[in-house]
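See below for the structure under consideration.
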Amino acid sequence: MRKIHSACLAFLAMVIAANALSAAAESPNVVIVISDDQGYGDLGCTGNPIIKTPNIDRLASESSGLSDYHVAPTCSPTRCSFLTGHWTNRTGVWHTIMGRSMLRENEVTVGQMFADSGYETGMFGKWHLGDNYPYRPEDRGFTEVYRHGGGGIGQTPDLWDNAYFDGSYFHNGEIVPAKGFCTDVFFEQANGFISKCAKQELPFLAYISTNAPHKPLHCPPKYLEMYDGQSENIAAFYGMITNIDDNVGKTRQLLKDLGVEDNTIFIFTTDNGTASGAKVYNAGMKAGKGSPYEGGHRVPFFVHWPDGGLTKQHDVAELTHAVDVVPTLLEMTGVKKPEGVKFDGVSLAALLDPTKQVEWPKRFVISDSQRVRDPIKWRGSSVMTGKYRLVNRKELYNVASDPGQKHNIADKHPEIVAEMREFYEQWWAELKPTFAQTTEIFLGHPEHPVVSLTAHDWIQEVYPPWHQGSIREADRKTPQGDKLKHLGHWAVKVVQDGKYQVSLRRWPAESGVAINAALPAGENVPGPARAFRNVPGNAIGATHAVLRIDDQDLDRQPVAEDAEEVSFVTELKQGSYRLAPIFEIEEGELGAYYVVVKHVD
């Protein structure tokens with residue numbers, strides 16, 4: 001009997017395994033390519049007469065496209081909505097720095113949703129939603145992660161002295177060196193992930209998020225040469241986009257070669273309006289990145305899926321938003337929405353299907369650009385319904401007849417203005433209570449025992465040193481000779497009582513440089529811009545280090561000659577703290593740009 005029972009169990013296991021493989025084969029794969037700072041007009045298929053994007057142009061001709069699709073005017077805010085289906089300001093991400101680029105831990109990302117449904121999930125390139133637990137992509141459902149730090153290569157949280165060529169990156173939490181241009185590296189890693197999953201017949205979601213063509217403008221020389229006759233900046237900006245285009249073509253060819261193209265949903269989009277191309281071509285729109293006008297937040301979106309019937313150019317002219325992406329993907333793939341999650345967006349699956357006639361209801365969406373520590377009502381806002389845009393509460397435009405938003409018609413349509421203001425007022429009232437929920441970096445969590453804090457995430461009124469050029473420069477100018485005072489802090493959450501070692505550094509740990517050392521300018525890379533590392537590193541002349549928590553100076557130590565760090569050990573109870581260690585210098589005090597915290601019990 002025991003043998004028969006074992007045989008039955010073995011047979012049952014085989015049936016379950018076979019069914020699982022069958023289900024995996026039927027589950028559509030998803031590949032998302034999202035570029036950084038590329039606007040609607042920075043493509044040949046949207047009318048740009050100069051740029052070379054043949055692969056994305058072909059994709060557009062074989063896809064359903066959203067021609068009235070909107071995001072936030074800057075990167076982190078778009079990415080949080082794109083990955084969660086929630087309004088930017090609901091998620092805690094309304095800025096790109098100052099601790100306001102970290103996605104609240106209670107948010108569920110599309111990576112987590114797909115991983116919970118049996119997908120392999122990979123994230124490659126730019127994350128920009130937090131560099132410490134619980135905000136990293138590996139904490140948010142992505143099982144394969146290959147990324148740079150912060151919002152761009154060479155920014156403060158990134159690995160020291162990184163530039164766009166031959167950098168080092170975080171691969172599943174480990175630092176690994178790479179050869180080549182950053183965009184090529186990220187696509188190569190993504191393509192390796194795709195190949196592995198396809199050969200194992202495992203459904204996958206690959207989120208390929210380039211930092212290009214974000215500044216600084218660096219580019220392989222062959223792409224610069226494609227734009228001879230243009231300004232250096234445009235040549236580099238367009239060259240970076242053409243490089244992305246080449247990689248899109250390679251990845252689409254790979255999907256064909258692997259035999260999975262038909263069952264793969266392939267999306268190309270961007271994260272905000274153009275940062276550099278508006279003066280050349282902007283599809284008739286006003287302004288670019290960071291603006292509440294159309295050029296700041298209307299971007300391209302194309303989706304190709306042969307098994308879903310999305311193989312021919314089909315324009316969707318209805319008003320859509322980044323909050324719609326997650327519900328759309330769930331409907332297309334059959335992945336279930338987590339219990340308790342309510343999306344701010346709606347599924348666009350029916351709209352994208354060229355065989356369906358859809359009655360699309362009237363809706364309102366909002367794009368705003370806060371770029372401040374705490375949100376300000378109506379700041380940098382665009383309320384949208386149909387073809388109407390209410391900008392900054394006062395200006396009304398009809399972009400169907402006035403795409404350049406030159407003629408304010410608010411006085412002629414007070415009833416429309418009132419309706420749009422009412423929607424915003426309700427939206428703001430709903431979200432406002434969440435603004436005080438500061439995203440805190442966890443200390444003492446077993447998933448992240450050694451925490452590296454950087455000045456990028458200082459919470460303060462003025463911009464902190466968010467890139468390594470600023471770190472190297474170490475600006476110590478004060479008005480009228482006043483003493484320098486450090487006014488920023490990290491919001492941290494201690495998750496277990498105990499002793500903590502807090503190590504203050506002027507340079508990051510991987511640099512191996514002493515606190516009071518100066519550094520020569522690092523090597524530049526191809527392109528018209530100066531690499532962040534190409535700035536000389538100034539000595540600060542620190543005399544003492546001070547451990548400051550919740551505005552209290554708990555300890556003070558001299559800075560020894562050639563010391564790379566000054567460490568303090570302190571008892572901390574569970575709870576929230578404002579951590580603000582400093583160096584004492586001749587000009588007053590300078591926040592420690594880098595701090596490493598370890599639980600030492």
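Quick note: the coordinates plus some simple rules give every number you see, no bench work behind them. What you see is a predicted model, and the numbers here were worked out from it, not measured in a lab. Here the Cβ is made from the backbone with ideal geometry for all residues, glycine too, and neighbour counts use every protein chain on show.
How big is the C-alpha Rg of the stretch 411-454 next to the rule-of-thumb value 2.2 N^0.38 Å, as a ratio?
So the Cα radius of gyration is 2.22 times the expected 2.2 N^0.38 Å.
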Exercise for the section: Order the peptides 411-418, 204-211 from the highest to the lowest mean number of other Cβ atoms within 10 Å of their residues. Expected result: 204-211, 411-418
Handout entry: Projected-area average for the stretch 452-517 over all orientations - Cα convex hull basis, square nanometres
Key = 6.2 nm²
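Helix hunt in the chain: which complete DSSP H runs extend at least 30 Å axially by C-alpha with mean Kyte-Doolittle at least 1.0? List each step's numbers first, then the result.
Values: long enough: 2-26 (36 Å, 1.11); 232-257 (37 Å, -0.39).
Counting only whole DSSP H runs, the qualifying helices are 2-26.
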Exercise for the section: Would you work out if the stretch 192-233 is rounded, prolate or oblate? Take a ≥ b ≥ c from the square roots of the eigenvalues of the alpha-carbon gyration tensor; rounded if a/c is under 1.5, else prolate when a/b is larger than b/c, oblate otherwise. Expected result: prolate
Handout entry: At 1.002 mPa s and 20 °C, Stokes D of the stretch 144-266 from Kirkwood alpha-carbon radius, µm² per second
Key = 138 µm²/s
Exercise for the section: Please list 271-281, 227-237 highest first by mean number of surrounding beta-carbon atoms within 10 Å per residue. Expected result: 271-281, 227-237
Handout entry: Residues whose placed amide H lies under 5 Å from that of Thr270, excluding near-sequence neighbours
Key = Ser35
Completion exercise
Phi angles of the stretch 271-278, converted by Karplus (6.51 cos²θ - 1.76 cosθ + 1.60, θ = phi - 60°) into ³J(HN,Hα) in whole Hz with x for Gly and Pro, give 9, 5, x, 4, 8, 9, x, 4
Fill in the blank from the handout: per DSSP, antiparallel bridges as share of beta bridges in the chain, % nearest 5, sits at 70 percent
Practice task
Quickly work out the Glu419-to-Glu174 label distance, labels modelled 7 Å from Cα along the C-beta direction, and quote it in nm with one decimal.
Solution key: 5.9 nm
Problem - Whether the stretch 367-434 is rounded, prolate or oblate, judged on the alpha carbon gyration tensor where a/c under 1.5 counts as rounded - result: prolate
Practice task
Please express the shape of the stretch 135-212 as an equivalent ellipsoid: the semi-axes are the square roots of 5 times the eigenvalues of the C-alpha gyration tensor, given largest first in whole angstrom.
Solution key: 22, 14, 10
Fill in the blank from the handout: Expected sort for Glu571, Glu261 with the fewest Cβ neighbours (10 Å cutoff) up front is Glu571, Glu261
Handout entry: Centre separation in Å (Cα based) which lies between the stretch 425-499 and the stretch 271-287
Key = 32 Å
Handout entry: Inter-label distance for Asn408 and Gln552, nm, one decimal - labels placed 7 Å from Cα along Cα-to-Cβ
Key = 5.2 nm
Completion exercise
If each K or R counts +1 and each D or E counts -1, the residues other than Asn282 whose Cβ falls under 12 Å of its Cβ total +2
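So what is the 222 nm mean residue ellipticity for the chain from helices alone, if each DSSP H run of at least 4 adds -39500 (n - 2.57) and you divide by all residues, rounding to the nearest 500 deg cm²/dmol?
Working: 12 runs with 140 residues, N = 601.
One gets -7000 deg cm²/dmol as the mean residue ellipticity at 222 nm.
Compute and list, largest first, the equivalent-ellipsoid semi-axes of the stretch 546-585 from the alpha carbon gyration tensor, each √(5λ) rounded to a whole angstrom. Walk me through the numbers before you get to the answer.
On the way: eigenvalues 93, 25, 12 Å².
Output for the stretch 546-585: semi-axes of 22, 11, 8 Å.
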Practice task
Fewest Cβ neighbours within 10 Å first, please rank Lys493, Lys256 accordingly.
Solution key: Lys256, Lys493
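By counting other Cβ atoms within 10 Å of each Cβ, how are Met226, Met123 ranked from fewest to most? Spell out each step's value before the answer.
Numbers: Met226 15, Met123 30.
Starting with the residue having the fewest Cβ neighbours, the order is Met226, Met123.
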Handout entry: Of all DSSP beta bridges in the stretch 441-599, antiparallel share, percent nearest 5
Key = 90 percent
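Determine, from the Cβ-Cβ distance of Glu510 and Lys477 and an R0 of 22 Å, the FRET efficiency 1/(1 + (r/R0)^6), rounded to the nearest 0.05.
On the way: r = 28 Å, r/R0 = 1.29.
Once rounded, the FRET efficiency stands at 0.20.
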Exercise for the section: Would you grab the residues whose amide H sits under 5 Å from the one on Ala212? Only those 5+ places off in sequence or on another chain, please, with H modelled 1.01 Å from N. Expected result: Asp36
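Please report, to one decimal in angstroms, the Kirkwood hydrodynamic radius of the stretch 209-267 built from all distinct Cα-Cα pairs.
In the stretch 209-267 this quantity evaluates to 12.7 Å.
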Exercise for the section: Report, in whole Å, the centroid distance computed from the Cα atoms of the stretch 558-601 and the stretch 134-191. Expected result: 27 Å
Exercise for the section: Take the alpha carbon gyration tensor of the stretch 339-469, find the square roots of its eigenvalues, order them as a ≥ b ≥ c, and report rounded if a/c is under 1.5; if not, report prolate when a/b exceeds b/c, else oblate. Expected result: prolate
Completion exercise
In whole Hz, the Karplus estimates of ³J(HN,Hα) for the stretch 91-100 (6.51, -1.76, 1.60; θ = phi - 60°; x where Gly or Pro) are 8, x, 10, 10, 9, 10, 9, 6, x, 9
Handout entry: For the stretch 441-599, the spread of Cα positions along each principal axis, largest first, Å
Key = 49, 37, 33
Completion exercise
Diffing the stretch 388-399: the Karplus 3J(HN,Hα) column from phi (6.51, -1.76, 1.60, θ = phi - 60°), in whole Hz with x for Gly and Pro, holds 8, 10, 9, 9, 6, 6, 10, 9, 10, 10, 10, 6
Problem - Extended-chain gain in nm, criterion 0.36 nm per residue less alpha-carbon gap, Thr311 and Lys573 - result: 88.5 nm
Problem - Dmax and Rg, reported as Rg then Dmax, of the chain (C-alpha, Å) - result: 25.0, 92
Problem - Protection-proxy order for peptides 88-100, 526-538, 423-435, each taking the mean of Cβ atoms within 10 Å per residue, highest first - result: 88-100, 526-538, 423-435
Fill in the blank from the handout: A correct Stokes-Einstein calculation for the stretch 28-358, using the alpha-carbon Kirkwood radius, 10 °C and 1.306 mPa s, returns a whole-number D in µm² s⁻¹ of 82 µm²/s
